[in-house]
Structures are given as structure tokens and as C-alpha cells.
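S.K.: Okay, handing you the structure first.
We did not get these values from a lab; they are worked out from the coordinates using the rules stated. From a predicted model like this one, the values you see are computed outputs, not experimental measurements. Methodologically, a virtual Cβ is constructed for each residue, glycine included, from the backbone with ideal geometry; neighbour enumeration extends over all protein chains shown.
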Amino acid sequence: CRVDTEVPFYEFSLPELWKDWKWSEKFPSRAEIRDYLLWVCQKLNIYEDIDFGTRITAAHWDEQARHWRIFSGQGLLAETTYFVPCTGYTTIKHVPTFPGLESFPLAYHSSEWPENLSVTGMRVGIVGTGASGIQIIENVSPDVKKLVVFQRTPNMATPLRQEVLDDDLRGQMKTRYPALFDQRVSRFGFNADRPTKKTFDDNAEQREVFYERLFDRGGLHFWLANYDDLLSSREANQEAYRFWAKSVRDRVRDPSVAAKLAPVQAPHAFGTKRPSLETSYFERFNQDNVVLIDVNEHPIEQVLPNGVRTSQDFHELDVLILATGFDAIVGSMLTMDIRGVGGRHLREKWMLSDDSAGIHTSL
């Protein structure tokens, strides 16, 4: 897996860090990001300030002492003035409740992929076509005997446009780092400027050129640097979707498969879900060993020890990958017993219907 945010927007802006670190790709991989974070810990000498392998179970506000009491599985861990839970929003995995799932011996959530797992020559099923699902499909489909993809919602993925970074290119980029870091705090966290022009200010030919230019730039530009009315005009959004869908259908040979990947009617407005990035995702469905199942038409009814049964067929499988995402945004917060003033639980606080919950609460 890799990040969908291009260099340098997914790194720290401290000069003593970015001046010395050398990324090898525009969109770094998991392995390189891990190496970077380890290097940062060494560079800033913060290892001694981190308790690794520690799961926080509770945080209670002590009104009398005016501080937080932080608990781990081993009991009271710390008493602090401030409690800043930087727990991320893809921490708590979502596992579907398919009947019989527990009977399948080699079923793995994408977040818990075993280090030594090889699927070469195997019959593999994958449930989910989000950001993780797309990357897994791209990487395993050339080597497996068969890949059955169970799709609920088509992913409006746009081109990644990966680029290898050499010393010359890195040097050129670093001259712009301070300005780019300034942009990061005011432009959605990226360097994408949305134009003031609206979709139908351009004629059809001009729109095609504009859309192609965004596709060629890659990354999230087709989403974040598109016309100003992309997310405020239904007609403008449909025009962007039309271009995207045609680009997909041009890459997929089987019209029936293309219709599932890029239906005529958009399943939702483009950009209302964060688009994933891809390099060869749609071409993978041209392979003879890749099968696409639309679970809206043929839902999964049961998982058996040797495969998956839908309402139409039974698919024999050796490995089942659950790329089914996470209890996003709030999941990691609500798994901790966080209690504030008066012992009120965070969940209870958020459920309040009056303004005391904080209309603009940000965590």
C-alpha cells in the first residue's frame, strides 16, 4: 500500500527533517513511510518519550485534581494536564457479518495481512474495492490462479501517475518546500488550486482538454483542482463523471464489466467520497483470471470453509481478503472509555441534541 498524498505534503515541515530526508517516489510506499518515521524518531530523539505496544483503554477527567487520568490494559498509566488522542480514523477494522465467515480458515482483513502470506497460484476472493482493495487487486491479480472481486460500490478512482525521484528532481522540489508547506495549511492540505471558472464557462472541447490535463497531472487533482462548481452543481458534477466513466470504459474490453465499474448513472456524486488512486486497476479486469461480482445484483449469502456462495453461484476459494474498511473517523475514539466533566461519556456528549455538544467540535 502507499499514500495518496504526493511529496512533500505527507511529511513534517521542520527544516532539520526535510532537508536531509530523500524520498524515492512521488507517492511513497508503506515501507518508505515507515522508514521515514523511524528516522524522524532517531533524528528528534523521541524514542524515550514513546510507550510502544500500549493500548489506551480509558481517559477520565478528574475534576478535583483538574487533570486527566489515562489508563492502559495494565491500569493507571499517567496523569496529564492535556489529553490529545491522535488515534487516526482508520484504526478500528470493519468486518462484515457474513454467515459462516468464521468457518473459512484463511480469511484476512486487509489491515492484518500476514507478513509471510503468499497467494501465488491460489484462488483468491476479495470483498471491497476501496483504497486498499484497489491496491491489493493491482498487486495480486498477475500471480493468482483466480481472483474473484466482490464489489458493492464502483470506485471512482483516478490515475496515480507515480514518478521516481532522483537527486536533481528532489533538489528542484526542495527549493519550493517552504511555499508548498504554506499552501498545505490553506488548500485542503494539498497544492491543488480550484479555478474560479465554472464547468460550462468552457465549451465541450475546452472541458475535455481541461479534464485531460487534470488526469495527466495525476493524484487527487481531478477532484481538488476541478471546476469551481464540481460539488455545487449537479450538472457540473455529472459532466465530470461522464468524462471519468468514459475513460474507464475505454480501458475495459468487456462492455458488461465496464458497465459495473463505470455505470451510466453515477452511484453517488463524484468527489463526495474521497477518490482512490490507481495505476492499472481497470486493466486488471481484462485478465482471464479476474472475475467481477456485483453484490447488489448477487449478494453474498454464505461463506463456507471452501468458498463463498452468492445468490447466483458458488466460488471456490483458497484465501478470502476482507478489504472492508474501518469504523472510520470516530471508531478509535469510541473504543476508549473517555469521560469528561461529570463523568459523561464521549458518546453521550456527542448524542446531545442541543448546542452544548459543540456545533463545530473538532477532534
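S.K.: Which value, in debye to the nearest 20, gives the size of the charge dipole of region 29-86 about its Cα centre, when Lys and Arg are +1 and Asp and Glu are -1 at the Cβ? Could the numbers behind the result be given before it?
M.R.: Working: 6 positive and 8 negative charges, 33 e Å.
I would put it at about 160 debye.
S.K.: Could I ask something else about it? At what distance in nm do the modelled label points of Asp216 and Thr81 sit from each other, each positioned 7 Å from its Cα along Cα→Cβ?
M.R.: Distance between label points: 5.5 nm.
S.K.: What is the spread of the Cα atoms of region 49-90 along each of their three principal axes, largest first, in whole Å?
M.R.: Largest first, region 49-90 extends 33, 23, 19 Å along its Cα principal axes.
S.K.: Could you work out the Rg to Rh ratio of region 1-123, with Rh taken as the Kirkwood radius (inverse of the mean 1/r over all Cα pairs)? Spell out each step's value before the answer.
M.R.: Values: Rg = 19.9 Å, Rh = 18.8 Å.
Across region 1-123, the Cα-based Rg/Rh ratio is 1.05.
S.K.: Please quote Rg/Rh for region 215-363 to two decimal places, taking the Kirkwood radius as Rh and restricting both calculations to Cα atoms. Walk me through the numbers before you get to the answer.
M.R.: Working: Rg = 21.2 Å, Rh = 19.7 Å.
With Rh from the inverse mean 1/r over Cα pairs, Rg/Rh is 1.08.
S.K.: Consider just the alpha-carbon atoms of the chain and return their Rg together with their Dmax, both in angstrom.
M.R.: 23.3, 69
S.K.: Hey, another quick one. To the nearest 20 debye, what charge dipole does region 185-316 have about its Cα centre, counting +1 at the Cβ of each Lys and Arg and -1 at the Cβ of each Asp and Glu?
M.R.: Working: 18 positive and 21 negative charges, 78 e Å.
About 380 debye.
S.K.: At 7 Å along the Cα-to-beta-carbon direction for both Asp20 and Arg274, put a label point, then send me their distance in nm to one decimal.
M.R.: 3.0 nm
S.K.: In the structure shown, do any of Lys198/Lys273; Lys19/Lys273; Lys43/Lys174; Lys273/Lys349; Lys22/Lys43; Lys198/Lys246 have a Cα-Cα gap over 25 Å, and if so which? Walk me through the numbers on the way to the answer.
M.R.: On the way: Lys198/Lys273 21 Å; Lys19/Lys273 34 Å; Lys43/Lys174 19 Å; Lys273/Lys349 27 Å; Lys22/Lys43 14 Å; Lys198/Lys246 21 Å.
Too far apart for the 25 Å limit: Lys19/Lys273; Lys273/Lys349.
S.K.: Per residue of region 99-109, what does 6.51 cos²θ - 1.76 cosθ + 1.60 with θ = phi - 60° give for ³J(HN,Hα)? Whole Hz please, x for Gly and Pro, Karplus curve as stated.
M.R.: Per-residue couplings from phi come out as x, x, 4, 5, 7, 7, x, 10, 10, 9, 6 Hz.
S.K.: Okay, moving on. Please give the Cα centre distance for region 131-188 versus region 320-343, rounded to the nearest Å.
M.R.: Taking the Cα centre of region 320-343 as reference, the centre of region 131-188 is 26 Å away.
S.K.: Also, quick follow-up: What does the helix-only formula give at 222 nm for the chain: each DSSP H stretch with n ≥ 4 adding -39500 (n - 2.57), the total divided by the residues, and the result rounded to the nearest 500 deg cm²/dmol? Could you put the intermediate results ahead of the total?
M.R.: Values: 11 runs with 96 residues, N = 363.
Calculated from helices alone, the mean residue ellipticity at 222 nm is -7500 deg cm²/dmol.
S.K.: Which value, to two decimals, describes the C-alpha radius of gyration of region 232-313 once divided by 2.2 N^0.38 Å? The partial results should precede the final answer.
M.R.: Numbers: Rg = 15.2 Å, N = 82, 2.2 N^0.38 = 11.7 Å.
Dividing the Cα Rg of region 232-313 by 2.2 N^0.38 Å gives 1.30.
S.K.: Would you mind listing how long region 120-255 runs along its three principal axes, going by Cα atoms, in whole Å with the largest first?
M.R.: Largest to smallest, the principal-axis extents are 49, 43, 24 Å.
S.K.: Tally the DSSP beta bridges in the chain and give the antiparallel ones as a percent, rounded to 5. Kindly include the intermediate steps, with their values, before the conclusion.
M.R.: Values: 22 of 44 bridges.
Approximately 50 percent, going by the DSSP bridge assignments.
S.K.: Additional query: Find the eigenvalues of the gyration tensor of the Cα atoms of region 44-189, then list the square roots of 5 times those eigenvalues as equivalent ellipsoid semi-axes, largest first, in whole angstrom. Walk me through the numbers before you get to the answer.
M.R.: Numbers: eigenvalues 269, 182, 52 Å².
Result for region 44-189: semi-axes of 37, 30, 16 Å.
S.K.: Mind computing the radius of gyration and Dmax over the alpha-carbon atoms of region 70-143? Å is fine for both.
M.R.: Answer for region 70-143, Rg first and Dmax second: 18.0, 55 Å.
S.K.: For Lys145, list the aspartates and glutamates whose Cα falls under 19 Å from its own Cα; do not include residues on the same chain fewer than 8 positions away.
M.R.: Within reach: Glu283, Asp288, Asp313, Glu316, Asp318.
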